[in-house]
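Asks: A single structure is presented below for examination.
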Amino acid sequence: MKRKQNKDFSHIGDVIQHIISQSRAARPNSEMLKIWELWDSIVGPPIAENARPAAFKGDILLVNVTSSPWMQQLQFLKKDLIGKINAEFGKPLVGDIKFKIGSF
């Protein structure tokens, strides 16, 4: 079966923006963007180099990490991270954090 070629290309920035907007459908864009902006100062440089927020699902923040050891370490720090994030926002924005190995 021959595949039809698509001559209508989309700019990669448009594709990425579309994907990001779909993954954040349950959470206002401004809150996810603010978490991205404040992440380094909330968690500190060592964690920021090895973990990045990826998306919201309800009150669960999904975070990509670089390795299994970092995922394990962050499990121990989860309550503190949730507390710091919620304190920064002044409201209970994050109820839980799920970590997974992924790129960022």
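The values are calculated or read from the model by the stated rules, or taken from the named source; none is laboratory data. Predicted model only: the values in this text are computed from it and were never measured. Don't worry about glycine lacking a Cβ; one is built from the backbone with ideal geometry, like all the others, and counts go over all protein chains shown.
Asks: Any idea which of GLN17, GLN75 is out of contact with any Gly (no Cβ under 7 Å at 6 or more places or on another chain) and modelled with pLDDT of 95 or more?
Replies: GLN75
Asks: Say we look at segment 38-91 and pick out the residues that are in a loop (DSSP other than H, G, I, E, B) and among the hydroxyl-bearing types (Ser, Thr, Tyr); which of these is farthest from PHE104 (Cα to Cα)?
Replies: SER67
Asks: Could you give every pair whose Cβ atoms fall below 6 Å, whose first residue belongs to segment 86-104 and is under 16 Å from ILE47 (Cβ atoms), and whose second residue is of a type in the set (Lys, Arg), counting only separations of at least 6 or pairs across chains?
Replies: ILE97/LYS78; PHE104/ARG52
Asks: Does PHE99 meet the test of being over 23 Å from SER30 (Cα atoms) and of a type in the set (Phe, Trp, Tyr)?
Replies: No: the conditions fail for PHE99.
Asks: Continuing with this model, one more query. Would you please name the residue that is nearest to the chain's Cα centre (by Cα), looking only at residues in segment 59-72 that are within 18 Å of GLU49 (Cβ to Cβ) and surrounded by fewer than 17 Cβ atoms within 10 Å (Cβ to Cβ)?
Replies: THR66
Asks: Every residue in segment 86-98 that is in contact with a strand residue (DSSP E or B) (Cβ under 7 Å, 6 or more places away or on another chain) and surrounded by 15 or more Cβ atoms within 10 Å (Cβ to Cβ), please.
Replies: Residues satisfying the conditions are VAL94, ILE97.
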